[in-house]
Amino acid sequence: NGRAPKQIEKHYREVVAQREIRHHLEAIRATGSTAFYRTVDVRDSAEVAKVLNEIREQHGPVHGLVHGAGVLADRKIEDKTVEQLKLVYETKVAGLENLLKGLGSDGLKLLALFASYTGRFGRTGQVDYAAANEVLNKIAESESRRRPQCRVVSFKWGPWNGGMVSAGLRKIFENEGLGLIEPDA
């Protein structure tokens, strides 16, 4: 079809991601819960507010938020562009801030953040990712004090065997003796 291998891999990853999303939504619905999926750039506060308003109109106030957004642009700090740094950092931090702002007075009962062990231990080429994850941890601490009625947790995940972990990154983790979390686990 004339596509380069990188284009084919990108398309493959998109197809697999959509299958995973559908699978997880079906599993949630099978428990009797309501589940829906919207795609939005969480860095765009107007778009976040619009989606949250649509959700409220259809389903009422939001009582739980799981924030798992993340982007990788691994480079040594001297090779990293400002745009790469902003994309990685703002996806996690501005994204969460926009979601919390957009939720306004909704009575959150659960706030779960997907952070990373990288926020505490660092990683070569991930200064922006490490900073963003540690800021997520600090926001979790702040929100738990601000929202005593809300269960707030920041999961400091290790690397998953899939998703954002490419074959090259997987090899680095293995060489460092760092085990990967299997998706089924």
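The values are calculated or read from the model by the stated rules, or taken from the named source; none is laboratory data. Worth saying up front: this structure is predicted, and the values here are computed from it rather than measured. Cβ sites come from the backbone with ideal geometry, for glycine too, and all protein chains shown count toward neighbours. Side chains are part of the model used for accessible areas, which takes the heavy atoms of the whole protein and leaves out ligands, DNA and RNA. Shrake-Rupley method; radii C 1.70, N 1.55, O 1.52, S 1.80 Å.
Annotation: A185 fulfils all but one of (1) more than 23 Å from V42 (Cβ to Cβ); (2) over 19 Å from the mean Cα position of the chain (by Cα); (3) at pLDDT below 95; the unmet one is (2). Could you tell me whether any residue of the range 3-24 is in contact with a His (Cβ under 8 Å, 6 or more places away or on another chain) and in a loop (DSSP other than H, G, I, E, B)? The answer is yes; a qualifying residue exists.
Okay, residues lined up against (1) surrounded by 12 or more Cβ atoms within 10 Å (Cβ to Cβ); (2) aliphatic (A, V, I, L, M):
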{"site": "R3", "(1), (2)": "no, no"}
{"site": "I8", "(1), (2)": "no, yes"}
{"site": "Y12", "(1), (2)": "no, no"}
{"site": "H24", "(1), (2)": "yes, no"}
{"site": "I28", "(1), (2)": "yes, yes"}
{"site": "T34", "(1), (2)": "no, no"}
{"site": "D44", "(1), (2)": "yes, no"}
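Please specify each residue of the range 46-91 satisfying the condition of being of a type in the set (S, T, N, Q), in a helix (DSSP H, G or I) and surrounded by fewer than 18 Cβ atoms within 10 Å (Cβ to Cβ). Please lay out each step first, then the result.
Let us first name the residues in the range 46-91 that are of a type in the set (S, T, N, Q), namely 53, 58, 81, 84, 91.
Adding the requirement that they be in a helix (DSSP H, G or I) leaves 53, 58, 84, 91.
Across the range 46-91, the qualifying residues are N53, Q58, Q84.
Criterion applied to G119, G125, G104, G168 was being of a type outside the set (D, E, K, R), over 16 Å from the mean Cα position of the chain (by Cα), at pLDDT below 90 and open to solvent by less than 20 Å² (accessible area, probe 1.4 Å), and the one residue passing it is G125.
Considering R38, R43, which residue is of a type in the set (K, R) and touching an Asp or Glu at 6+ places or on another chain (Cβ under 7 Å)?
Going through R38, R43 in turn, just one is of a type in the set (K, R) and touching an Asp or Glu at 6+ places or on another chain (Cβ under 7 Å): R43.
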